[in-house]
Amino acid sequence: MMNSDKLPYIIALTHLYNGKHRLLREVLQRYPDPEEAWERVMLPGKTASWQRAQEEMAFVDKHQIATYYRYDPDYPVRLAECADAPILLYAKGNINLRDGHFVSIVGTRQATERGKMITREIVLGLAEKLPKLTIVSGLAYGIDISAHRAALEAGIPTLIIPGHGLDRIYPAYHRPDAVRALENGGILTEYMSGNTPEKHHFVARNRIIAGLSECTIVVESRARGGSLITASMAFDYNRPVFAVPGRISDDSSAGCNSLIRDQRAMLMQSPDDLIEAMMWATAGRPVQTSLPMDEDLSGLSNEERTLLQLLREADDGILVNDLAEEADISYSDIITHLMLLEMKKLIKSFPGGKFRAV
């Protein structure tokens with residue numbers, strides 16, 4: 001947790017910079033001590049920001065809010081990899097942000113009964129097979145709340161990412177679900193108390209949903225659905241995206257179908273599709289990290305052998321640009337080698353330019 005002596009300065013800085021995460025990150029990289037950073041910064045509004053920080057400190061203490069600072073070791077590891085990760089997070093509940101598998105599930109607010117049923121089946125199916133699974137979503141109507149409720153039904157943690165502070169729940173109709181989530185999971189936000197649900201807040205919070213998770217599932221989405229923003233962010237973070245297909249005549253599946261068509265998401269028809277693609281170990285079945293020792297690799301070139309070895313040493317896979325640099329092979333040549341390795345079923349490609357050995 002954040003050092004309480006430094007917390008007022010971080011709160012004041014985040015209020016002063018008002019969502020300009022990259023600028024604030026540059027300041028904190030130059031002045032790692034938050035107190036020194038606060039003293040060094042000369043911007044209008046410092047007095048008001050300091051007063052606001054004192055008010056927020058009182059709220060945090062009164063309601064026993066946990067805080068996570070971007071440069072502390074307990075900050076969520078996957079989210080910390082994202083350049084635009086929030087500098088400070090506020091949390092309430094029984095939350096473990098570092099262990100196990102985190103899967104985000106998003107979709108349209110105008111979900112069909114089919115979409116709600118599929119969401120439930122996905123969550124229950126994953127919960128049955130994956131140890132230490134946490135479902136991440138945004139508490140909105142439709143697919144979001146279906147995912148949270150299925151996680152609660154399965155008895156696994158669910159993490160709510162709202163577009164407002166912890167002094168309220170939106171929509172209010174989902175308050176009972178949020179209260180239940182506090183017992184096994186919780187609520188995590190970058191917004192101070194007093195921040196109301198605004199449209200741009202929900203867009204911004206999508207990067208937290210995408211950044212926290214190892215992968216994102218889009219169950220239903222219209223052609224311009226908000227969940228496509230989350231999917232796009234996950235894709236940009238080089239996190240695998242999965243989409244449930246629908247009939248071409250279904251407006252509620254137009255966004256999912258386009259993600260699959262544009263190769264920005266993998267087609268998902270069952271929980272096993274995700275588990276296999278992510279190469280996750282399931283209850284009673286360890287993950288296979290390498291092929292048998294007696295396999296025949298005689299048909300591979302020296303470059304392909306090198307690439308295969310590098311990929312086998314990386315449990316989480318490697319981005320194609322990083323692989324080209326590590327193997328010292330030009331980008332144009334490496335694409336050809338990777339394609340041949342994939343045709344031989346020795347590696348698999350994932351959205352975002354990542355490859356893994358199978």
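The values are calculated or read from the model by the stated rules, or taken from the named source; none is laboratory data. The model shown is predicted, which means the values in this text are computed figures rather than measured ones. Backbone-built Cβ (ideal geometry, glycine too); neighbour counts: all protein chains shown. The accessibility values were calculated without ligands, DNA or RNA, using every heavy atom of the protein model including side chains. Shrake-Rupley method; radii C 1.70, N 1.55, O 1.52, S 1.80 Å.
Couple of notes before you dig in:
- Protein accessible area in the chain, 1.4 Å probe - carbon and sulfur %: 50 percent
- Computed on the stretch 86-138, with alpha-carbon pairs under 8 angstrom and 6+ residues apart, the relative contact order is 55 percent.
- Selected from M268, M343, M57 as most flexible by GNM, with the chain as the system and alpha-carbon contacts under 10 Å: M343
- Relative contact order of the chain, pairs being alpha-carbon contacts under 8 Å that are 6 or more residues apart, as %: 13 percent
- Net +/- balance of residues flanking H201 in space, Cβ distance below 13 Å, scoring K and R +1, D and E -1: +2
- Heavy-atom accessible area with a 1.4 Å probe sorts K62, K344, K129, largest first, into K62, K344, K129.
- Here the Karplus relation 6.51 cos²θ - 1.76 cosθ + 1.60, evaluated at θ = phi - 60°, turns the backbone of the stretch 222-228 into coupling constants of 6, 4, 10, x, x, 5, 5 Hz, with x for every Gly and Pro.
- Of the cross-linked pairs K46/K199; K20/K92; K129/K354; K92/K354, those separated by over 30 Å at the C-alpha level are K92/K354.
- Neighbour net charge for R247 - beta-carbon separation under 13 angstrom, K R +1, D E -1: -2
- Ligands, DNA and RNA are left out, and with a 1.4 angstrom probe the accessible area of the stretch 20-110 is 53 Å² per residue.
- Point-charge dipole on Cβ atoms (K/R +1, D/E -1) for the chain, about Cα centre, debye to 20: 1260 debye
- Calculated [222 nm] ellipticity per residue, helices only, for the chain: -13500 deg cm²/dmol; basis is -39500 (n - 2.57) per DSSP H run with n ≥ 4, divided by all residues, nearest 500.
- Accessible surface, the stretch 112-166, averaged per residue in Å² (probe 1.4 Å): 34 Å²
- Candidates E35, E276, E325, ranked by Gaussian network fluctuation over the chain, Cα under 10 Å, top entry: E325
- Shape analysis of the stretch 20-142 places it in the prolate category; the axes a ≥ b ≥ c from the Cα gyration tensor give an a/c of at least 1.5, with a/b above b/c.
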